[in-house]
Each structure stands twice: as structure tokens, then as C-alpha cells.
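Peer 1: Let me begin by handing over the structure; questions about it come next.
Please treat every number below as a calculation from the coordinates, not as lab data. Everything quoted here is computed from the prediction, not taken from an experiment. So basically every Cβ, Gly included, is an ideal-geometry build from the backbone, and we count neighbours across all protein chains shown.
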Amino acid sequence: MLVDCLTIAAAIASAQPGATLTVRPGSDCPPLELRGRQWAKPVTIIATGARFQGVRLREIDGLIWRGGTLVAEGGKTGAAFRGYSVRIQQSRNITFEDTEMRDAVRGAVVADSANITFRGNHIHTIRSDGINMARTHGGLIERNHIHSFSPIPMICTLKSGEVQNEVSRRDCAARGGEWKDGDHPDGVQFWGAPSDIRVVDNRLEGNFQAIAHFGRGEPARRLVAERNFIRVERSHGVSFFNCQDCRIVGNDIGRLKPDGRNVVIRTPDATGTFCGNRAPDMRAGNAGTQRCPPGTPGVPG
């Protein structure tokens with residue numbers, strides 16, 4: 001069934017399980033908001049050649065979105081959800097694949113959901129986060145290319161009027177300056193005790209932390225980072241804090257710029273398998289860089 005900007009919402013609302021809707025190529029659509037639909041067999045939306053100013057899903061079960069350009073309604077200055085290309089809340093069994101997410105504060109933001117997949121997406125021209133998942137259980141993030149971030153820096157204004165970027169609050173205070181926080185960008189970020197999410201075969205390059213869970217309190221469980229290519233400007237290559245039965249295996253982790261910060265693996269208060277990663281900024285034999293036992297899954301051949 002062929003749809004356009006005016007008819008897509010109604011067509012999805014009345015779609016039968018397993019239906020396929022194709023958005024007319026060249027369509028330039030306002031934000032699409034879908035709420036409260038469940039399908040036993042997923043409905044597929046093919047949006048190749050179309051553009052949407054954001055897709056927002058709430059209480060949706062069973063949707064596959066393929067192709068298209070997804071930008072934030074408010075661009076890289078949009079407040080809250082108007083700064084997201086994709087927003088998913090209280091939903092399950094959702095897939096976004098082969099899209100371009102761009103011109104946003106955050107590419108995709110997921111909360112309180114289950115079985116969410118991002119596959120083969122091109123996520124770029126972002127201010128803060130590529131994929132942000134909170135309180136989500138079950139998911140796959142694979143073969144995405146995440147790059148070209150322009151975060152707002154932390155700044156320190158000295159009494160002389162000089163402005164210095166990326167200075168910590170403590171260092172700014174020691175210099176007698178006035179400090180203002182900036183963005184804390186992540187390629188893929190988890191929080192809120194997520195579980196059973198795999199991050200595999202992605203390419204992450206830019207001014208951000210690559211893959212991170214920093215949550216306190218209830219731990220994350222069974223997060224996996226395998227075979228990702230990481231070249232970033234910030235020190236956290238893969239960091240799984242407070243993560244139980246988690247895996248960091250077979251990743252290639254390094255600096256985007258030769259004279260940049262060390263990029264490392266961090267696993268405080270974490271248990272699981274951390275081995276077989278290439279991370280030149282870490283000492284040989286450190287947790288994460290030691291050789292894996294024979295037969296360990298996820299180690300590149």
C-alpha cells in the first residue's frame with residue numbers, strides 16, 4: 001500500500017498484522033506520532049526516499065521501519081523530544097534499519113521498552129547521543145555507522161576574559177574561572193538497569209564516548225559489546241560500570257586523532273568476560289586486552 005505524509009498515520013492505525021506500507025519517495029513529512037497499537041505479526045513501513053521530522057512511538061508492539069531520512073523537528077537545538085530523530089517509549093518488538101538519522105541532539109532515545117533493534121543505520125550530524133537506551137530489556141544494535149558529533153563543550157571563562165574549552169569544574173575553579181557545563185556525548189549509552197542488549201559490528205567514530213553504561217544502584221545485566229570498530233576523542237572506548245554477566249570481546253578500540261586522549265576499556269564493579277580486544281592505549285594484559293580462552297564466542301577469526 002502506497003502512503004504519503006497525509007495518509008500514513010491513518011493507514012498505520014488501520015493496518016492488519018503483517019501489512020507493508022510504502023511511503024511515497026520524495027515525501028517530506030512532519031513528525032509522525034504513533035500510539036497504542038499492537039500487531040501479532042509486525043507491520044513494515046518502507047520509507048526509502050522519504051524524510052520525516054521525527055518518529056515517535058508510544059505503546060507500540062510489532063513495527064519494522066526501513067529506510068528514509070529521520071531528522072529532529074527542532075534540529076540540534078531542539079528541546080527534549082523535539083531534539084530526537086526517533087523516540088520510543090513503552091514499546092516492544094520494534095526495528096529501525098537502513099535509515100539515516102541526522103540533524104538532532106540525539107539520534108534515537110528509547111525508554112521502558114523491550115526487544116528493540118537498530119540495524120544498518122547511518123547516524124551522524126548529532127550534538128549529543130547516537131543511541132540512548134534507558135530501562136530497556138532485550139535489544140540488538142548492529143552494523144550501524146555512528147559519527148560526526150558536534151557537542152557543546154564545557155567552558156571555563158577566566159577573569160581575563162579568556163574562554164577555555166573542555167576544562168573540568170575543578171580545574172576551572174583552580175584557575176579562578178567561571179565554569180559552565182556542556183554536553184556529555186555518547187555513541188551508545190545505557191542507563192536505568194538495562195539487560196540483554198547486544199552491541200555488535202558497529203563503527204563508531206567521533207568526538208564522543210563510544211559505548212557506555214555508568215549506572216549506579218541496580219546493575220545492568222548481560223550487556224554485550226563485540227567486534228565494534230571504535231575511534232573516538234574521549235577516553236571511554238567501552239565502559240560497563242556495575243554490569244553483571246556482561247561481555248566486552250573482540251573490539252578494536254583507539255583514538256580518532258593520534259595526539260588525542262587515551263581510549264580504554266573500563267569495567268568497575270562488573271562481572272563477565274572481558275578479553276580479546278585491541279586497545280593500544282592500555283597495558284598488555286589489562287582486563288579486556290588479555291587473550292581469550294580458546295573457543296570464546298565473539299572473538300574475530
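Peer 1: Rounded to the nearest 500, what is the 222 nm mean residue ellipticity of the chain from helices alone, with -39500 (n - 2.57) per DSSP H run of 4+ residues and division by all residues? If you can, show how the numbers build up before the last one.
Peer 2: Working: 2 runs with 12 residues, N = 301.
Theoretical 222 nm ellipticity from helices: -1000 deg cm²/dmol.
Peer 1: What does the highest-first list of 242-253, 97-108, 209-220 look like by mean Cβ count within 10 Å?
Peer 2: Order by mean packing, descending: 97-108, 242-253, 209-220.
Peer 1: Per residue, how big is the convex hull of segment 207-292 when only Cα atoms are used? Give it in Å³.
Peer 2: Numbers: hull volume 6.5 nm³, N = 86.
Once divided by residue count, the hull of segment 207-292 is 75 Å³.
Peer 1: To continue, here is another question. Set the Förster distance to 25 Å, then compute FRET efficiency between Leu6 and Arg135 from the Cβ-Cβ distance, nearest 0.05.
Peer 2: Numbers: r = 35 Å, r/R0 = 1.39.
Efficiency at R0 = 25 Å is approximately 0.10.
Peer 1: Please report how far the C-alpha centroid of segment 114-138 lies from that of segment 80-96, rounded to the nearest whole angstrom.
Peer 2: 9
Peer 1: In addition: Count the DSSP beta bridges whose two residues both fall in the chain, then state the antiparallel fraction as a percent rounded to the nearest 5.
Peer 2: Details: 6 of 111 bridges.
Antiparallel bridges make up about 5 percent of those DSSP assigns within the chain.
Peer 1: Which number comes out as Rg/Rh for the chain once both Rg and the Kirkwood Rh are worked out on C-alpha atoms? It would help to have the intermediate numbers written out before the result.
Peer 2: Details: Rg = 20.2 Å, Rh = 20.0 Å.
That ratio is 1.01, to two decimals.
Peer 1: Another one. What dipole magnitude, in Debye to the nearest 20, does the chain give about its Cα centre under +1 on Lys/Arg Cβ and -1 on Asp/Glu Cβ?
Peer 2: Working: 39 positive and 31 negative charges, 54 e Å.
Around 260 debye, computed over the chain.
Peer 1: Now, a different point. Show me, for segment 138-155, the HN-Hα J-couplings you get by feeding each phi into the Karplus relation (A = 6.51, B = -1.76, C = 1.60, θ = phi - 60°), rounded to Hz, glycine and proline as x.
Peer 2: Per residue, the Karplus-derived 3J(HN,Hα) values read x, x, 9, 10, 9, 6, 8, 10, 10, 6, 6, 9, 9, x, 6, x, 5, 10 Hz.
Peer 1: Fewest first, what order do Leu256, Leu204, Leu57 take by the number of other Cβ atoms within 10 Å?
Peer 2: In order of increasing Cβ crowding within 10 Å: Leu256, Leu57, Leu204.
Peer 1: If I build a Gaussian network model for the chain, linking alpha-carbon pairs within less than 10 angstrom, which residue out of Val43, Val71, Val238 has the largest mean-square fluctuation?
Peer 2: In this elastic network of the chain, the residue with the biggest mean-square fluctuation among Val43, Val71, Val238 is Val43.
Peer 1: Could you give the length gained by full extension between Arg170 and Gln290, i.e. 0.36 nm per residue of separation minus their alpha carbon distance, to one decimal place? Mind showing how you got there, number by number?
Peer 2: Details: separation 120, 0.36 × 120 = 43.20 nm, distance 3.46 nm.
Difference between extended and current length: 39.7 nm.
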